Amino acid sequence: MRTTLRTHRDRRARRAALAVIAASALALSGCSDGDGSRDKKDGADAGKTPASSVTLPKLNGEKVQVVAVWTGPEQENFTKVLKEFEKRTGATISYVPTQDAMLNYLGTKISGGQPPDVALLQQPGALQQAVQRKWLKPVDAPTQAQLDKNYTKGWKDIAAVDGKQYGVYYKAANKSLIWYNTAAFENAGAAEPKTWKEFLTAAETISASGVPPVSIGGADGWTLTDWFENIYLSQAGPEKYDQLAQHKIKWTDPSVKDALTTLGQLFGKKELIAGGQEGALGTEFPASVTQTFTGGDQPKGAMVFEGDFVAVNIAQTEAKLGTDAKVFPFPAVGGEAPVVTGGDVAVALKDSKGAKALMTFLASEDAAKIAAGSGGFVSPNKSLDLAAYPNDVMRDIAKALVDAGDSFRFDMSDQAPQSFGGTPGKGEWKALQDFLKNPKDIAGTQQQLETDAAKAYKS
């Protein structure tokens, strides 16, 4: 099952909401305290243990293993949620961070007879493949009750297969944001761009001031798929986006050529990229953020593209969110700016009491409140009080997500089979890394993408 197609009208409504929110976010000054943490005037109790809105069983002595890709600050934030689950149930949780190719890891564990209780998958495509391989357990009645209470149909649908619910979208992301170093912009006299042409002009202006304008985490191929997807959605439109996401049109389609040509306007200019193409390919995503917000008005990069989760990495610097670090929507390439979402879906691989209870907890308002209070996290849980978020930037991004209801376009690569859209060194990730290395080879990139996609969608 693929993401339910949304109407163009609904997408315009969401885009308009995000535009308003971005405008308010850009005007923020001192919305957080010195380390980028919560506002003191409101949301002050967001990090505290929430009053219970969900009933959990006693699981004294039961061990639960959870697998996800999160490390660093994201792992620390998730651990807070798991600790609260332990406190309420008496269970003991072990967390295992693993590689992005989650299905490969799970396959190895399952063949060895030691599957984890719960896993957090990054792709709807991976969830579907796991169901096809009979690895996953449908959610139980208590989890379904939490989903029905807290989630819209759209977020439930992308975690279901053939009408049966298998997953809980614990975390969501708005992946159409560009974050920037305000001092670097001000010193260069650059303005916040609204169109792709204005974006390139701003980049040239910043470059002329002596600061590399765009920081790219090219060592992590998923960041490059997000660049492509935002350009493609804005330029080719939502209908073509849905067709390419489902491989109903080939990657050799002229619309893909147009998008790669546009992306090449950035990737093809060494002076516009922090460290040039080679430097970008050697930079991991976290570093692409932190190098943008360290060094005062002489950072290694003036702006960085990625989702709302960038706030977690900004918090590792001395930059203040809303003053030193601001955000604007991904610029419009075609007539309309893109809005792409992503997320992490929890699934159960065992019928154990611990697995079922944890799934229920992750679908609850309680778990969402703890995670939201930690920062760098957005929940699709519509029951969550927005006061739980630590600052107005995250609060407004979360409000836009919830207000959008079922009107969103999910990350294209996440909808693909994992071998094409979600494996380091393979498929779309590798093809776009090769494109960053040689942006003139548009035809070769298209052919490689189509060859890999055709193989993956047939398997």
Residue, farthest from the chain's Cα centre (by Cα), within segment 208-221, restricted to residues that are surrounded by 20 or more Cβ atoms within 10 Å (Cβ to Cβ) and of a type in the set (Gly, Ala, Ser): Ser215
Helices (runs of 4 or more DSSP H) wholly inside segment 110-157 that include at least 1 residues being among the small types (Gly, Ala, Ser) and under 18 Å from Thr423 (Cβ atoms): 124-132
Residue pairs meeting the criteria (Cβ under 8 Å; at least 6 apart or on separate chains; first on the phi > 0 side of the Ramachandran plot, in segment 396-411; second surrounded by fewer than 20 Cβ atoms within 10 Å (Cβ to Cβ) and of a type in the set (Ser, Thr, Tyr)): Gly405/Thr152
Residue ID - nearest to Ala184 (Cα to Cα), chosen from residues in segment 308-343 that are assigned to a strand (DSSP E or B) and open to solvent by 40 Å² or more (accessible area, probe 1.4 Å): Lys326
Close pairs (9 angstrom Cβ cut-off, 6 or more residues apart or separate chains): at pLDDT below 95 in segment 154-174, open to solvent by less than 10 Å² (accessible area, probe 1.4 Å) and of a type in the set (Asp, Glu) anywhere: Ala172/Asp308; Ala173/Glu306; Ala173/Asp308; Ala173/Asp411; Asn174/Asp308
Selected residue (criterion: farthest from Val310 (Cα to Cα)) from residues of segment 175-189 that are buried (at least 24 other Cβ atoms within 10 Å of the Cβ) and modelled with pLDDT of 95 or more: Ala184
Inter-residue pairs, beta-carbon under 6 Å, first more than 13 Å from Gly275 (Cα to Cα) and part of a helix (DSSP H, G or I) and in segment 286-307, second modelled with pLDDT of 95 or more and open to solvent by 10 Å² or more (accessible area, probe 1.4 Å), 6+ apart: Thr290/Thr317
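Report, by residue number, each residue of segment 244-256 that is in contact with a helix residue (DSSP H, G or I) (Cβ under 9 Å, 6 or more places away or on another chain) and part of a helix (DSSP H, G or I). I'd like the intermediate steps shown before the answer.
Within segment 244-256, the subset in contact with a helix residue (DSSP H, G or I) (Cβ under 9 Å, 6 or more places away or on another chain) is 244-253, 255-256.
Listed by number, the residues that qualify are Leu244, Ala245, Ser255, Val256.
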Selection count where residues are in contact (Cβ under 8 Å) with a residue 24 or more places away in the chain and open to solvent by 30 Å² or more (accessible area, probe 1.4 Å), scope segment 65-86: 7
Residues that are surrounded by fewer than 24 Cβ atoms within 10 Å (Cβ to Cβ) and either in a loop (DSSP other than H, G, I, E, B) or modelled with pLDDT under 95 (or both), drawn from segment 345-370: Leu349, Lys350, Asp351, Ser352
Yes/no for Tyr105 being of a type in the set (Ser, Thr, Tyr), out of contact with any Gly (no Cβ under 8 Å at 6 or more places or on another chain), touching a residue at least 12 places away in the same chain (Cβ under 8 Å) and assigned to a helix (DSSP H, G or I): yes
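Quick one: in segment 373-418, which of the residues that are among the acidic types (Asp, Glu) and not in a loop (DSSP other than H, G, I, E, B) is nearest to Leu121 (Cα to Cα)?
We begin by selecting, within segment 373-418, every residue among the acidic types (Asp, Glu); these are 385, 392, 396, 403, 406, 411, 414.
Right, trim to not in a loop (DSSP other than H, G, I, E, B) and you get 392, 396, 403, 414.
Working: Asp392: 28, Asp396: 26, Asp403: 24, Asp414: 10 Å.
Result: Asp414.
From Thr205, Thr195, Thr225, Thr201, grab the single residue that is open to solvent by less than 30 Å² (accessible area, probe 1.4 Å) and among the polar types (S, T, N, Q). Give the derivation first.
Details: Thr205 fails: open to solvent by less than 30 Å² (accessible area, probe 1.4 Å); Thr195 fails: open to solvent by less than 30 Å² (accessible area, probe 1.4 Å); Thr201 fails: open to solvent by less than 30 Å² (accessible area, probe 1.4 Å).
Testing whether each residue is open to solvent by less than 30 Å² (accessible area, probe 1.4 Å) and among the polar types (S, T, N, Q) leaves just Thr225.
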Unmet criterion (only one of (1) assigned to a helix (DSSP H, G or I); (2) hydrophobic (A, V, I, L, M, F, W, C); (3) over 25 Å from the mean Cα position of the chain (by Cα); (4) over 26 Å from Ala398 (Cβ atoms)) for Ala203: (3)
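The values are calculated or read from the model by the stated rules, or taken from the named source; none is laboratory data. On a predicted model such as this, the values are computed, not experimentally measured, just so you know. Note that we place each Cβ from the backbone using ideal geometry, even for glycine, and neighbour counts take in every protein chain shown. Please note that ligands, DNA and RNA were not included when accessible areas were found on the heavy atoms of the full protein model with its side chains. Shrake-Rupley method; radii C 1.70, N 1.55, O 1.52, S 1.80 Å.
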